[in-house]
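The values are calculated or read from the model by the stated rules, or taken from the named source; none is laboratory data. Quick caveat, the model's predicted, so the values are computed rather than measured. So basically every Cβ, Gly included, is an ideal-geometry build from the backbone, and we count neighbours across all protein chains shown. The accessibility values were calculated without ligands, DNA or RNA, using every heavy atom of the protein model including side chains. Shrake-Rupley method; radii C 1.70, N 1.55, O 1.52, S 1.80 Å.
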Amino acid sequence: MSFPERNFRRSRPILPGMTEAHRAIAFDNSYARLPGSMHVGVSPTPVSAPRLIRVNDALARELGIDPALLTAEVAVGNAIPDGASPLAQAYAGHQFGNFVPQLGDGRAILLGEVVDVNGRRRDIQLKGSGRTPFSRGGDGRAALGPVLREYLVSEAMSALGIPTTRALMAATTGERVYREDVLPGAVLTRVASSHIRVGTFQFFAVRQDFEALKLLIDHVIERHYPALQGSENPALALLDAVMEAQGSLVARWAQVGFIHGVMNTDNTSVSGETIDYGPCAFMDAYDPGTVFSSIDTYGRYAYANQAPIAQWNLARLAETLLAFIDKDREAAIRIATERIEGFPAIYTRHWLAGFRKKIGLVSEEGGDLDLVQAMLDAMQMARADFTTTFRMLSTGGEPEALNHWLPQWRERLARDPQTAEERQALMRSVNPVYIPRNHLVEEMISAAVERQDFGPFAEMLRVLMNPYQEQAGAERYAQAPAEPDGAYRTFCGT
């Protein structure tokens, strides 16, 4: 296996002036111990004037790291903690349906892994830390706006209880990034269960590197699905597990009106976490055709298409596993196809379980799917706000958009065993008051980029960390925009 620009493998030494404190992170780098075909050693490119924006103290402690050790120099990669093994991961991917055989970490560098206080292995990655062999002519940098968006939205998703990568630190670099405009540069420190993607499997499958694929299967099972160790057919068991994880994840997105924006196979984590917050956004007025990504011209990743796309991505994963599912290729295709065709049922099970809770049901009846769909149809017709409509229902209100639906709902509630108080408590626990409203996210980014004012970022983050409880003085964060958000567009940070 050969990668471009092999001189990137040379590690940069620890910078002068680095203290012993920087060395105190207890790394245990399992991915770095895998064969060199899976990654390239590469160090962050130093920047001129790093400045911390934020350290996620609670997450640091969860990782077993003293927050005091997380300095601006560490946040941007100027100082490499002892025990880190910086590398860029190799992967391929289907991007908007088109296969690219070599992508990889073009602007991200995995510092290493830690085992957190709960015994979970977690990646620590710098995003926007300079060029790697996979940069394909890019500068490897990130602009401040996308860094703040990912920090805020990923932490909001975590607070909502949705599996996601996390934000540990954000820092400005003191340097400029050249996109359509000249923008301040920044680096995000991202934490994930791993950064292994469907595209990671595709990278080796397209090269027919079955030895690497076998190692990857074993690594992912050991890391993410240890209960599968010793399975009669590990590859098939892994496919089943990833399907279940993705079905649950995408259903949870639907339940809060989240639209990912770039559900490429290289953005589909095999751990079942939300990863890569580029042109993502939360829907305001309910419309299943909503698209926010500026590059999604045909609505491939629209709200209503996320489950079918998840199935499509999982089919691509299944293709990479065929040789391990059955030695007879025709038999392997038949088995894998049967599994993939079962994904809609997996997704619907998770989707309906979540929406039952959103409308206050704990029992199950055959007509519940139609009941939920009738509610969504009424919301779409009225252009009702997704978040506030569900929240109003959970606090005893009667949304005007649902006038014709409410009698059906009450009739169904009469057959549910809960008391009214129990029902409202359930609904309030799953229907948030606060989501990252798009117009407020843009206000926050503008304040930071144009005036170096990070106050709106800190305030919005504070509110979003407690999304299910009404907070005094935070009313503006719960309000839908005055105008529909159909024209709102988000952009990749590359």
Just tell me, in residue order, which DSSP H segments of the chain are both 20 angstrom or longer along the helix axis (alpha-carbon based) and at least -1.0 in mean Kyte-Doolittle hydropathy. 144-159, 210-224, 234-256, 306-325, 343-358, 368-382
Within the chain, helix-based [θ] at 222 nm, where runs of 4 or more DSSP H residues each add -39,500 (n - 2.57), nearest 500: -12000 deg cm²/dmol
Most packed first (mean Cβ within 10 Å per residue), the peptides 344-350, 77-83 order as 77-83, 344-350
For region 302-431, what is the convex hull (Cα atoms) projected area averaged across all directions, in square nanometres? 9.7
Excluding residues on the same chain fewer than 8 positions from LYS327, give the aspartates and glutamates whose Cα lies under 20 Å from its Cα. ASP209, GLU211, ASP218, GLU232, ASP240, GLU319, GLU338
Each label point is 7 Å from the Cα along the Cα-to-Cβ direction; what then is the distance between the points at GLU483 and ALA68, in nm? 5.1
Taking all protein chains as present, what is the carbon and sulfur share of the accessible area of region 368-494, in % to the nearest whole number, probe 1.4 Å? 52
Using only alpha-carbon positions, what ratio does the radius of gyration of region 290-330 give when scaled by 2.2 N^0.38 Å? 1.64
I want the local charge near GLU113. Using Cβ-Cβ distances under 12 Å, sum +1 for each Lys or Arg and -1 for each Asp or Glu among the other residues. +2
Would you work out which of VAL76, SER48, TYR151 lies farthest towards the positive end of the dipole of the chain, given +1 charges on the beta-carbon of Lys and Arg and -1 on that of Asp and Glu, about the Cα centre? SER48
Quick one: accessible area per residue over the chain, 1.4 Å probe, rounded to a whole number of Å²? 40
Given the peptides 61-73, 144-156, arrange them by the average over their residues of other C-beta atoms within 10 Å, most packed first. 144-156, 61-73
Net charge of Cβ neighbours under 12 Å - reference ALA72; Lys, Arg +1; Asp, Glu -1: +1
Taking every DSSP bridge whose two residues both lie in the chain, the antiparallel percent to the nearest 5 is 95
Quick one: putting +1 on the C-beta of Lys and Arg, -1 on the C-beta of Asp and Glu, what dipole do you get for the chain around its Cα centre, in Debye to the nearest 20? 1080
Compute the projected area of the convex hull of the Cα atoms of region 139-255, averaged over all viewing directions, and report it in nm² to one decimal place. 9.8
Region 345-386: mean projected area of Cα convex hull, nm²: 3.1
Quote the relative contact order of the chain in percent (integer), defining contacts as alpha-carbon pairs under 8 Å separated by 6+ residues. 14
